[in-house]
Every structure is written in C-alpha cells, then in structure tokens.
Amino acid sequence: MPKLRKAATEPYKQLMVELPLSEYQILEEYCQQSQETKGQVVLTWIRRLKSHLSSNES
C-alpha cells in the first residue's frame, strides 16, 4: 500500500545519498533501535537543523 502524505504545501524533491558502508551501518542500527525508517530519521534531523538555524537568526 502506498504511503499517504499530507497535502503538499510546496513541491517535493527526492534525495539520494551515498554513504560509506560504516556510516550506513550506523544509520541502520539507529533506525532499528529507534524503530524509525531512514526517511523518518533524515526528516527529523532536517527539522532540527531548520529549528536550529531559525533560532540563530533571532
């Protein structure tokens, strides 16, 4: 079944990242421990980065 997204308020871009195997394994391990998908982990970190950047502008 396809994943459902909220109504897009802006266009989407797809991201593909190449990682060294050791870093990929760290991501895999983190995802297993946190019970999150890789996409969820990346989105969470981007939101934290966005929050951090906006707090620095104040």
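With labels modelled as points extended 7 Å from the Cα through the Cβ direction, what inter-label distance (nm, one decimal) is found for residue 8 paired with residue 49?
Result: 2.0 nm between the two label points.
Could I have the simple spin-label model distance between residue 32 and residue 18, label points 7 Å from Cα toward Cβ, reported in nm to one decimal?
Inter-label distance under the simple model: 2.6 nm.
Compute a Gaussian network model of the chain, connecting alpha carbons closer than 10 Å, and tell me which residue from 35, 25, 14 fluctuates the most.
14
Once every DSSP H run of n ≥ 4 in the chain is given -39500 (n - 2.57) and the sum is divided by its residues, what mean residue ellipticity at 222 nm do you get, rounded to the nearest 500 deg cm²/dmol? Intermediate values should be presented prior to the final figure.
On the way: 2 runs with 34 residues, N = 58.
Mean residue ellipticity, 222 nm, calculated: -19500 deg cm²/dmol.
For the chain, max minus min Cα coordinate along each principal axis, in Å, sorted largest first?
Projected onto its principal axes, the Cα set of the chain covers 36, 35, 22 Å.
Throughout, read-outs are computed from the coordinates displayed, never taken from laboratory work. Worth saying up front: this structure is predicted, and the values here are computed from it rather than measured. Heads up, the Cβs are rebuilt from the backbone with ideal geometry, glycines too, and the neighbour counts pull from every protein chain shown.
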